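Shown next, in structure tokens, is the structure this report addresses.
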Amino acid sequence: FHFARLGLIDPSREVDSLNAPKSLATRKMKDKLKSLTVKAYCHFAISLLCFNVLFDLALFGIPLFILYKMQILSPSLFLRCTTFLINWTTPIVLAMPMIFSGTKLYCNDIDLLIEAKASESSLLLANHGSRIDWMVGMLVGFARNLGGKTCDCVRVGFVCEATIQFLPIIGWYRNIVARDIFVWRSFLKDAPTIHKNIQDFIVAREKRMLFLSPEGVVVDFGPKDFEYIEACRKFCIEQKHDPFDYVLTPRYKGSLCLLQNVKGPIISVCIAYVRDGKLQNCKLLSPDRVVPDIYTLNEGVGGSPVEVYIHLKRIDIAQDLSDPKAIFLENYKEKDNILKKWDEHLLAGTANSDSWMAQFAPIESNRLEYIFSLSCHTLLMFVIGIVFGKLNELAVAFGILFLLVTSCHTIGSTLNSTSMESVPFETGIKAIVGCLLEARTKKQKCKAD
């Protein structure tokens, strides 16, 4: 106090220094509380997604599938009916992770996208830098406002690994209702299945945008993941290419059965995911790389939404093409360069410049449409619950589903040190299966010794 009177100490600074630890602790507490609230919201959002999809699958999807298998519904009529069902279900799948979270989509060639949606069938070859590519594809297919131009929504299908169809709820829906193409062994060996699936849609005159990620896998951060990245880089060198830094090498063998069966445009798709001014799918070997998943999207509600930038380019495939390897590798070289440019612009702080952003147009979504869809689903559940006297059972079922989603993701992300939720329950299932396989391998080694 004596020094303060002499003007040697500022009393206000002294008070601030005493309060600093308290304000820091308060800030940390608020950040922790916000983080926990956002995580709880993510669990709730994914549980609600699962509950709505399971409801639609049980009430509409499975009965339609049974009628189809009993040959009461023809293949063409079944596909038409499931298209209506998909258009009914899609908004409740995308509402919370894509719309309410603030996720924004942009595209560099709206006219080409509209052409793909209007075509009898089209094939889109996309990079695989995230676990949410399928949600981006579904939103693009469902959107009716592309850069200010109106278009119809169109059904979206995917070529994916066969194990996806067995994952709970979303996997079942994609198999029973969406009729995606599930590859067991390779494109070459599964060619008859792929050909039949595509022809069924063409015969039914049911439009569909078909997405394929030629990379085949998403790499995380384990030893086997880095081994695969190095193998891809070595393959590039063997093929007289500079090693790809941002993408894996594409799997091209047997892909002709896809390329030659579609009746519409074949389009290269390169997607850049940006969050907080940083490229999420940056260099594969970078410690800053993030693999966005459903939780990443939902976390946008906390103030850091994901921005999705879609680069499209038409690929011309000759009818007499016998080996697409050169075309695929050249296309992936272009994708690698696109992501490199994104990384450079973001690091230099020029990504928001007019010269760079002028190439993109927004893909708009009608927020009221999604709110209306969620409200209709909720109302339908209440009506059915009241009519059959099962309202309490529905509430209990949702509570159980919420506990399953929360515990499965928590256990899986703890075991793997990362979230891998392309579809609900995937993080937990893959982590548990991985631990079991690792334990089995160790047991076999012990026996061998």
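Label positions at residue 438 and residue 278, each projected 7 Å from the Cα along the C-beta direction, are separated by 2.5 nm. Candidates 417, 287, 143 compared by Cα position along the dipole of the chain: farthest toward the positive end lies 417, with charges placed on Cβ. What does the helix-only formula give at 222 nm for the chain: each DSSP H stretch with n ≥ 4 adding -39500 (n - 2.57), the total divided by the residues, and the result rounded to the nearest 500 deg cm²/dmol? Dividing the helical sum by the residues of the chain leaves -17500 deg cm²/dmol. Cβ-Cβ distance of residue 40 and residue 200, R₀ of 35 Å, FRET efficiency by 1/(1 + (r/R0)^6): the value works out to about 0.25. For the pair residue 353 and residue 151, the difference between a 0.36 nm per residue extended length and the Cα-Cα distance amounts to 69.8 nm.
Report the residues of region 66-87 in range of a label on residue 372: point 7 Å along Cα→C-beta, backbone N strictly under 19 Å from it. Under cut-off, by backbone N: 84-87. Given R0 = 56 Å, the distance between the Cβ atoms of residue 26 and residue 285 translates into a calculated FRET efficiency of 0.90.
The C-alpha atoms of the chain define a longest principal axis, and helix 391-416 lies at about 70 degrees to it. Summed over the residues of the chain and divided among them, the accessible surface reaches 51 Å² per residue at a probe radius of 1.4 Å.
Give me the net charge of residue 248's neighbourhood, meaning all other residues with Cβ under 14 Å from the Cβ of residue 248; Lys, Arg count +1, Asp, Glu -1.
Working: positive: 224, 233, 234, 251, 283, 289, 333, 335; negative: 133, 215, 220, 225, 227, 230, 245, 336.
It works out to a net charge of 0.
Give 313/341; 39/224; 39/390; 240/325; 117/335 a once-over and call out the pairs whose C-alpha atoms are over 20 Å from each other. In this structure, 39/224; 39/390; 117/335 exceed 20 Å between Cα atoms.
Relative to the longest principal axis of the Cα atoms of the chain, the long axis of helix 367-387 makes an angle of roughly 80 degrees.
Solvent-accessible area of the chain (1.4 angstrom probe, protein heavy atoms only): carbon and sulfur portion equals 61 percent. The long axis of helix 426-448 is offset from the longest Cα principal axis of the chain by roughly 80 degrees.
Extension gain for the segment residue 337 to residue 184, taken as residue separation times 0.36 nm less the Cα-Cα distance, is 51.9 nm to one decimal. Net charge dipole, the chain: roughly 880 debye, given to the nearest 20, about the Cα centre with Cβ charges of +1 for Lys and Arg and -1 for Asp and Glu. Given the alternatives (i) 25.3; (ii) 23.5; (iii) 32.1, mean projected area of the Cα convex hull in nm² as computed for this entry is given by (iii). Fully extending the segment from residue 240 to residue 395 would add 49.8 nm, taking 0.36 nm per residue of separation and subtracting the current Cα-Cα distance.
The values are calculated or read from the model by the stated rules, or taken from the named source; none is laboratory data. A quick note: this is a predicted structure, and the numbers were derived from the prediction, not measured. Every residue, glycine as well, gets a Cβ built from its backbone with ideal geometry; the counts of neighbours run over all protein chains shown. We work out accessible area using only protein heavy atoms, side chains counted, and drop any ligands, DNA or RNA first. Shrake-Rupley method; radii C 1.70, N 1.55, O 1.52, S 1.80 Å.
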